[in-house]
Each structure stands twice: as structure tokens, then as C-alpha cells.
Amino acid sequence: MKQQILNYYKQLVQDRIDVFQDMISGLTIDAQNDAKGSAGDKHETALSMMHIEQEKLNHKLKEVLDQKNILDRIDVSSTHHKVALGSLVQTNGMLLFISTALPKITLDGKTIFALSPQSPLGSQLMGNSTGFSAEVNGKQYKIESVE
């Protein structure tokens, strides 16, 4: 199951990378075309707005590339007895994939939450094993199993 989860998240992240790269490429082409046919203040404003948008997209692309790097470091074949990067953790009522913060998914009828080790819950679970309890935002989480 961990392999399925990892593959799903890798595809999700790759799709985001492709979208951001396409958007950045489109802005670059628009800026080049606009530079050929315009002049004056209106032209400068348009180019400036495109540049700002391109910087925002580059920042988002970097974030997604960082997520991809984290996912690429996960070895799903390793078995964990303590919570670590790549662990699949069953808590009371939740299935957590310790990786990076990504949207929840549903596979085989199970809802999986991708959780960053740096998140409030992730940081408390890291390095602990079955039976450990943690409280985050007034909610109690107990580790039932670690894969």
C-alpha cells in the first residue's frame, strides 16, 4: 500500500510541476510577444505585472520541487518500527503517510493524510512507536501501528 500511496503523490507533484512550468513558459512567450508590438507606460506596466506573476510561479514551482525531492528520498521497501520519513502510521481513526504536506487522498476505501515531519503532529510522532500518544490542538492521537 505504501508504494501505491507514494506513486500517487509523486504523480500529483509531477502534475503540479508540469502545470507551473507550462504557466511560466506561457508568460515568457507572452512577454516576448508583447515586447515586439508595444511601447509606452501601458507596455511597461504589463511587462512588470507579467514579471511579478512569473516570480510568484517560480516560487511555487520551487516549493513543489522541494516536495518532489522529499518524496524521491522515501524508500517504501524499508520496514519501520518507529515513525520516520516514509512511515505509514495508523492512529486512532487516521492513516498518516509521513512525507510532506500534501492533500488527503483515498485509496482502496482508506483516507490517507500526507503529513510533514515538521508539522505539529508529525514532530511529536517522529521517532516513536506503537502505543505512543500525543495531543495536538486538544485532540489525542495514539499510534496503533507503524509500517
Problem set entry | Amide proton proximity set for Val136, modelled H, under 5 Å, gap of 5+ | Tyr141
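Using 30 Å as the Cα-Cα cut-off, could you pick out the over-long pairs in Lys62/Lys104; Lys62/Lys142; Lys56/Lys104; Lys60/Lys139; Lys60/Lys142?
In this structure, Lys62/Lys142; Lys60/Lys139; Lys60/Lys142 exceed 30 Å between Cα atoms.
Counting alpha carbon pairs within less than 8 Å and at least 6 residues apart, what relative contact order, in whole percent, applies to the chain?
Details: 189 pairs, mean separation 28.7, N = 147.
In percent, rounded to a whole number, it is 20.
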Problem set entry | Neighbourhood net charge (12 Å Cβ-Cβ; Lys/Arg +1, Asp/Glu -1) for Leu61 | 0
Exercise. When the chain is modelled as a GNM with alpha-carbon springs shorter than 10 Å, which of Ile98, Ile52, Ile17 fluctuates the most?
Worked result: Ile52
For this session: List, in order, the whole-Hz ³J(HN,Hα) value for each residue of region 16-24 obtained from phi through the Karplus relation with A = 6.51, B = -1.76, C = 1.60 and θ = phi - 60°; use x for Gly and Pro.
Result: 5, 4, 4, 4, 5, 5, 5, 5, 5
Exercise. In which sequence would Glu135, Glu144 go, from the one with the fewest C-beta neighbours within 10 Å to the one with the most?
Worked result: Glu135, Glu144
Exercise. Region 81-106 to region 7-33: how many Å between their Cα centroids?
Worked result: 28
Exercise. Summing -39500 (n - 2.57) over the DSSP H runs of n ≥ 4 in the chain and dividing by its residue number, what mean residue ellipticity at 222 nm do you reach, to the nearest 500 deg cm²/dmol?
Worked result: -18000 deg cm²/dmol
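What percent does the relative contact order of region 88-146 come to when contacts are Cα pairs within less than 8 Å and at least six residues apart?
Dividing the mean separation by the residue count of region 88-146 yields 33 percent.
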For this session: Compute the signed sum of charges (Lys and Arg +1, Asp and Glu -1) over the other residues within less than 11 Å, Cβ to Cβ, of Asn92.
Result: +1
For this session: Starting from the Cα gyration tensor of the chain, take the square roots of the eigenvalues, sort them a ≥ b ≥ c, and report rounded, prolate or oblate (rounded when a/c is under 1.5, otherwise prolate if a/b is larger than b/c, else oblate).
Result: prolate
Exercise. Where does each of 75-88, 101-114 land if you order them by average Cβ count within 10 Å, highest first?
Worked result: 75-88, 101-114
Exercise. Under unit Cβ charges (Lys, Arg +1; Asp, Glu -1), what dipole magnitude, rounded to 20 debye, does the chain have relative to its Cα centre?
Worked result: 540
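Read-outs throughout are calculated quantities, based only on the coordinates presented, and are distinct from any laboratory measurement. Predicted, not measured: the structure shown is a model, and the values here were computed from it. Cβ: placed from backbone, ideal geometry, glycine included. Neighbour counts: every protein chain shown.
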